[in-house]
Amino acid sequence: MMFIQVLGIDLGKSNFHLVGHDRAGKTVVRKKLSRKQLILFLQQLPPTTIAFEACGGAHWLGRLCQQFEHHVKLIPPQYVKPYVKGNKNDFIDADAIAEAAGRPSMRFVAVKTEAAQMMSAIHRVRQGYIKERTACMSRIGALLLEFGVSLPRGHSVMKRLFLWLAEHAEKLPAQFIAELAGLHSHYDDLSERIAEQDIKLKQQLATHGDAQLLKSIPGIGDITASQCVAELGNAAQFKNGRDLAAWLGLVPHQHSTGGKPRLLGISKRGNKHLRTLLIHGARAILSRPEKTGAVFGEWLIKLRATKPFNVACVALANKLARIVWSVLRTKEQFNAAKLQPEFA
């Protein structure tokens, strides 16, 4: 164990496969361990570099390895695949992880803190409730359509469903109304749960300095600020704001060859939820350019006049991502005066 330079771990639910390389890249350790055995092994292992894919359970294990004074490298799974040799199995995957970790140009993922993971968990639960509520609304609309009733979209109508039915729909079977009542009760319950998640996020943000700084940026509220804190931390993993915008997929997808540049739509890489929130924030700014968008000056006016609305939204979301990086790195509130020379 003294000669392990890099230890690659293929993560599993119950079993973990380990492959250790020495300085020459030769395999010196090849083990299959249970979760308890893995913790004991890592505790007894002299400090070394430990690498594994950034997947389920990776951040918990990363923090544990750091407690044992190991150097942790989390690798995006798509960057490990090219190093898999031959047929796929768990030991080959662990060997590929150890080899990929030694590449000088490899990109790594920062280990999340427990607080950041907690905030991310609240977001995931909230997203699940929203998805279930949308499905419930669609189910109610589909059932009503079977009885010849076309229900308008939106929460405004759904909240007063039975009042709307009394005004616009013909008499419906009593048993069917009872079924609708059960679904509508489920809809109300999900709405309450989503509101509870919003309260939890606000409570988490109340004492978080970085989140309060992010809320000073136009188009960024509690939801977006908390997601930024959960996913980006202090943004030290990105060299500049352009790298953050590229990681979020807010840049053109490039497919160039033969010296001929070819730019397509946005790449849509990185965190989908955070990218969506930033684009929604940009939409909110563009909906009121004379107020919330005033800080961007002539740049935003020209952008809106020369580009389609959706293109302008993505361009503004890209700008917001760069501002987020700057605020997180400098620990200063958003200052609109600093933008004026750039947009002049």
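The values are calculated or read from the model by the stated rules, or taken from the named source; none is laboratory data. Computed from a predicted structure; not experimentally measured. Here Cβ is always computed from backbone atoms with ideal geometry, including for glycine, and neighbour counts include all displayed protein chains. Remember, those area values only see protein heavy atoms, side chains included, never the ligands or the DNA or RNA. Shrake-Rupley method; radii C 1.70, N 1.55, O 1.52, S 1.80 Å.
Return yes when MET118 is out of contact with any Pro (no Cβ under 8 Å at 6 or more places or on another chain) and either open to solvent by 50 Å² or more (accessible area, probe 1.4 Å) or within 21 Å of ASP243 (Cβ to Cβ) (or both) and no when it is not.
Considered against the rule, which asks whether it is out of contact with any Pro (no Cβ under 8 Å at 6 or more places or on another chain) and either open to solvent by 50 Å² or more (accessible area, probe 1.4 Å) or within 21 Å of ASP243 (Cβ to Cβ) (or both), MET118 comes out as yes.
Of all residues being free of Cβ contacts under 8 Å to residues at least 40 places away in the same chain, among the hydrophobic types (A, V, I, L, M, F, W, C) and outside any strand (DSSP E or B) in region 1-38, which is nearest to CYS55 (Cα to Cα)? Just the residue, please.
The selected residue is LEU38.
Of the residues ALA225, ALA235, ALA230, ALA211, which is part of a loop (DSSP other than H, G, I, E, B) and not hydroxyl-bearing (Ser, Thr, Tyr)?
Residue meeting the stated conditions: ALA235.
Among ARG275, ARG288, ARG304, ARG262, which is the only one that is among the charged types (D, E, K, R) and under 19 Å from the mean Cα position of the chain (by Cα)?
When all the criteria are applied, what remains is ARG275.
Answer yes or no: is there a residue in region 55-73 that is farther than 27 Å from LEU232 by Cα, open to solvent by 70 Å² or more (accessible area, probe 1.4 Å) and either modelled with pLDDT of 95 or more or not in a helix (DSSP H, G or I) (or both).
No: zero hits.
Tally time: how many residues in region 134-182 are in a loop (DSSP other than H, G, I, E, B) and either open to solvent by 80 Å² or more (accessible area, probe 1.4 Å) or touching a residue at least 40 places away in the same chain (Cβ under 8 Å) (or both)?
Here the count works out to 6.
Quick grid of which residues meet (1) farther than 27 Å from ARG126 by Cα; (2) open to solvent by 30 Å² or more (accessible area, probe 1.4 Å); (3) more than 17 Å from the chain's Cα centre (by Cα):
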site: LEU205; (1), (2), (3): no, no, yes
site: HIS208; (1), (2), (3): no, yes, yes
site: VAL229; (1), (2), (3): no, no, no
site: PHE238; (1), (2), (3): yes, no, no
site: HIS253; (1), (2), (3): yes, yes, yes
site: ILE266; (1), (2), (3): no, yes, no
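Could you tell me whether region 29-46 includes any residue that is under 17 Å from VAL80 (Cα atoms) and surrounded by 15 or more Cβ atoms within 10 Å (Cβ to Cβ)?
no
Taking VAL125, is it touching a residue at least 60 places away in the same chain (Cβ under 8 Å) and touching a helix residue (DSSP H, G or I) at 6+ places or on another chain (Cβ under 8 Å)?
Considered against the rule, which asks whether it is touching a residue at least 60 places away in the same chain (Cβ under 8 Å) and touching a helix residue (DSSP H, G or I) at 6+ places or on another chain (Cβ under 8 Å), VAL125 comes out as yes.
Need the failing condition index for ALA246 against (1) surrounded by 12 or more Cβ atoms within 10 Å (Cβ to Cβ); (2) touching a helix residue (DSSP H, G or I) at 6+ places or on another chain (Cβ under 8 Å); (3) of a type in the set (A, V, I, L, M), just the number.
(2)
Rundown of residues vs (1) within 23 Å of HIS123 (Cα to Cα); (2) of a type in the set (A, V, I, L, M, F, W, C); (3) in a loop (DSSP other than H, G, I, E, B); (4) in contact (Cβ under 8 Å) with a residue 40 or more places away in the chain, yes/no style:
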site	(1), (2), (3), (4)
ALA282	yes, yes, no, yes
GLY297	no, no, no, yes
LEU300	no, yes, no, yes
LEU303	no, yes, no, no
ALA312	no, yes, no, no
LYS319	no, no, no, no
ILE323	yes, yes, no, yes
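Report, by residue number, each residue of region 84-115 that is open to solvent by 30 Å² or more (accessible area, probe 1.4 Å) and in a helix (DSSP H, G or I).
Selection gives ASP90, PHE91, ILE92, ASP95, GLU99, GLU114, ALA115.
Hey, can you tell me all the residues within region 252-279 that are part of a helix (DSSP H, G or I) and either on the phi > 0 side of the Ramachandran plot or in contact (Cβ under 8 Å) with a residue 40 or more places away in the chain (or both)?
Within region 252-279, HIS273, LEU274, ARG275, LEU277, LEU278 meet the criteria.
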